[in-house]
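The values are calculated or read from the model by the stated rules, or taken from the named source; none is laboratory data. The shown structure was predicted, so the numbers you read here are calculated from the model rather than taken from an experiment. Please note: Cβ atoms are built from the backbone with ideal geometry, for glycine as well, and neighbour counts cover all protein chains shown.
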Amino acid sequence: MKQPSGTLARYTVGARVNHWVNGLVLVLLALSGLALFHPSLFFLTGLFGGGILTRVLHPWFGVALIVTFAGLFFRFWRYNIWDRTDTQWLNRIRDVLAARDENLPEVGRYNAGQKLVFWLMTWLILILFVSGLTLWEEQLGSYFTIGQKRVGAVVHALAAVSIIGVWIVHMYAAFWVKGTTSAMTKGRVTGGWAWKHHRKWLREEAAKVQR
Amino acid sequence: MSVLQHALDLKQSSATSGMAPAGEAVAVAKLIDISRCIGCKACQSACLEWNERREEVGVNTGYYENPHDLTENTWTLMRYAEVEQDNGDLEWLIRKDGCMHCADPGCLKACPAPGAIVQYTNGLVDFISENCIGCGYCIKGCPFDIPRLSQADQKVYKCTLCSDRVAVGQGPACAKACPTHAIMFGTKAEMTDWAGQRIEDLKERGYQNAGLYDPPGVGGTHVMYVLKHADQPEIYSNLPKDPQISPLVDLWKGVTKPFALAGIGLMALLGIVHYVRTGPNEVAPEDEEQARRTLENPKS
């Protein structure tokens, strides 16, 4: 397949499909979870065919999420290892938010913000999964004590709100930094985007092309 | 029983706000006088009978409880405890377990389904099956470990205090069946008075710690016990000494809900403010030019 010149490959088809299925499941989980979390959002159960079906489906969405996220985790974890540049980048978060890129260190495939989103998603999904097991009354009710279920309910609610927050950051960053979404839709980004936001990665990719 | 006429006006309903204030109704109560109970299980049978429930034939584990715990069908269960007192006396303490119909019901507080758990103005707490979604949150909310999830239809069941009988001026089936009048039913004031007399009698008989179990931690209950040893309710098959809605449930169903939604809303708002102040983060033509040069000559 011929690629437009001056663009760089960022995500394979497999990674993109994996990402969007994962994203869809996460949205379904958030909607069905919020429906059971706050009475004023109970109307959201209508999206899933009523309260009973929402209750039945939500934990299965959770199982689906663990599976799809495992795919993303094993694809991307090695690009998300924290290094010293990430700490420098994070210390200049004011410059990041003001788009003063000239004050920031050169960034590789992922910047510190993206790495934080990755690790927060990883840990929160694990916490949500384990705490969710204690709440799965239909399948696992008899395996947990009431005390464990109460702790599970609080942890699950707090982690769920946190992950929705992380999700908002993820969405907003992709929306704010123009040129980002094409990485996940077309699989490619422009050279200019890479130069501006991931210069070290651009240099690495350029060196590869040269060889 | 004309005082019970307003039995089915709603006072509280799960996951529902902005309910019209309920009219006043006379609070009712069931009084279980443990000192008069002979453990015959007539109440247990009457409960199954009236509510058209059947229990599978169980197995004998060498004890009197049958079944061994409350189930989705057994809404009331006789629990038998052999307790050796300090003076060497062996006491056989029999307690009729079941929903206590708390004035501040933890089940109702935990329930996410509108109208699945209601409290009538007379104090009864009832599960409305057609609104129940089977999530089991009530099980976590209850300080007495009462609601049971049915494996047959995935809905939760417990004692209704025979709300259907009370609504038409009858007492609950268990009270009707009790041969020793250990189970009484009437207004909460009458039952408290009656309990007072029984407690006086018991004290005269030497039970210095006799008392009424109407725990204030859950706002009082509409099922009360007369206990010979009210100072140590735990000896009656783990009747909780100071039951209250778990602080975890309060946290989960209290501040967490509004703060979480406000937090999510705030995050979204910050995004909008940031975008309006900073504008889109766009790639300039010079960036593309730099990139082109780098791709052509990586060493530069």
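Anything in the stretch A:109-147 that is under 18 Å from A:T180 (Cβ atoms), out of contact with any Leu (no Cβ under 9 Å at 6 or more places or on another chain) and not in a loop (DSSP other than H, G, I, E, B)? List them, or say none. Within the stretch A:109-147, A:Q114, A:K115, A:V117 qualify. The test for being more than 25 Å from the chain's Cα centre (by Cα), crowded, with 17+ Cβ neighbours inside 10 Å and touching a residue at least 60 places away in the same chain (Cβ under 8 Å) holds for B:A210. Among the residues of the stretch B:69-89, those that are part of a loop (DSSP other than H, G, I, E, B) and closer than 19 Å to B:M100 by Cα comprise B:D69, B:L70, B:T71, B:E72, B:N73, B:T74, B:W75.
The criterion of at least 1 residues that are within 14 Å of another protein chain (Cβ to nearest Cβ) and in contact (Cβ under 8 Å) with a residue 40 or more places away in the chain is met by the following helices (runs of 4 or more DSSP H) wholly inside the stretch A:1-108: A:13-37, A:51-76. Scoring B:N66 on the criteria (1) out of contact with any Leu (no Cβ under 7 Å at 6 or more places or on another chain); (2) in a loop (DSSP other than H, G, I, E, B); (3) farther than 30 Å from A:Y143 by Cβ leaves a single failure, condition (3).
Somewhere in the stretch A:42-62, is a residue surrounded by 14 or more Cβ atoms within 10 Å (Cβ to Cβ), of a type in the set (S, T, N, Q) and within 13 Å of the chain's Cα centre (by Cα)? Checked the stretch A:42-62: no residue is surrounded by 14 or more Cβ atoms within 10 Å (Cβ to Cβ), of a type in the set (S, T, N, Q) and within 13 Å of the chain's Cα centre (by Cα).
Residues in the stretch B:125-154 that are crowded, with 19+ Cβ neighbours inside 10 Å and assigned to a loop (DSSP other than H, G, I, E, B): B:C132, B:I133, B:G134, B:C135, B:G136, B:C142, B:P143, B:F144, B:I146, B:P147. Residues of the stretch A:176-211 that are more than 8 Å from chain B (Cβ to nearest Cβ), in a loop (DSSP other than H, G, I, E, B) and either within 25 Å of B:R277 (Cβ to Cβ) or free of Cβ contacts under 8 Å to residues at least 60 places away in the same chain (or both): A:T180, A:K186, A:H198, A:R211. For the stretch B:241-300, filtering for residues that are outside any helix (DSSP H, G or I) and either over 51 Å from the mean Cα position of the chain (by Cα) or at the interface with another protein chain (Cβ under 7 Å from one of its Cβ atoms) (or both) leaves 11.
Yes/no matrix, rows are residues, columns are (1) loosely packed, with under 14 Cβ neighbours inside 10 Å; (2) in a loop (DSSP other than H, G, I, E, B); (3) not small (G, A, S):
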| residue | (1), (2), (3) |
| --- | --- |
| B:C159 | no, yes, yes |
| B:V168 | yes, yes, yes |
| B:K176 | no, no, yes |
| B:T180 | yes, yes, yes |
| B:F185 | no, no, yes |
| B:A195 | no, no, no |
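Can you tell me which residue among B:G98, B:G169, B:G134, B:G141 is within 14 Å of chain A (Cβ to nearest Cβ), at positive phi and not polar (S, T, N, Q)? Lay out the reasoning, then the answer.
Numbers: B:G98 fails: within 14 Å of chain A (Cβ to nearest Cβ); B:G169 fails: within 14 Å of chain A (Cβ to nearest Cβ); B:G141 fails: at positive phi.
Going through B:G98, B:G169, B:G134, B:G141 in turn, the sole match is B:G134.
Could we say that B:V28 is in the same structural domain as B:Q154 (by TED's automatic domain parsing) and touching a residue at least 24 places away in the same chain (Cβ under 8 Å) here? If you could, list the steps in order and put the result at the bottom.
Working: in the same structural domain as B:Q154 (by TED's automatic domain parsing): yes; touching a residue at least 24 places away in the same chain (Cβ under 8 Å): yes.
For B:V28, the condition - in the same structural domain as B:Q154 (by TED's automatic domain parsing) and touching a residue at least 24 places away in the same chain (Cβ under 8 Å) - is met.
May I ask you to list the residues in the stretch B:25-40 that are among the β-branched types (V, I, T) and in contact with a helix residue (DSSP H, G or I) (Cβ under 7 Å, 6 or more places away or on another chain)? Within the stretch B:25-40, B:V26, B:V28 meet the criteria.
Looking across the stretch B:228-240 at every residue that is in contact with a strand residue (DSSP E or B) (Cβ under 6 Å, 6 or more places away or on another chain) and part of a loop (DSSP other than H, G, I, E, B), the one that is nearest to the other protein chains (Cβ to nearest Cβ) is identified as B:S237.
Could you check how many residues of the stretch A:162-175 are closer than 30 Å to B:A284 by Cβ and more than 7 Å from every other protein chain (Cβ to nearest Cβ)?
Going through the stretch A:162-175 one residue at a time, the tally reaches 8.
Of all residues in the stretch A:149-161, those that are within 7 Å of chain B (Cβ to nearest Cβ) have Cβ atoms under 6 Å from Cβ atoms of residues that are outside any helix (DSSP H, G or I), 6 or more apart or on another chain, in A:R150/B:S246. With the condition kept exactly as written, say whether any residue in the stretch A:119-137 is buried (at least 18 other Cβ atoms within 10 Å of the Cβ), of a type in the set (D, E) and within 12 Å of another protein chain (Cβ to nearest Cβ). Yes, the stretch A:119-137 contains a residue that is buried (at least 18 other Cβ atoms within 10 Å of the Cβ), of a type in the set (D, E) and within 12 Å of another protein chain (Cβ to nearest Cβ).
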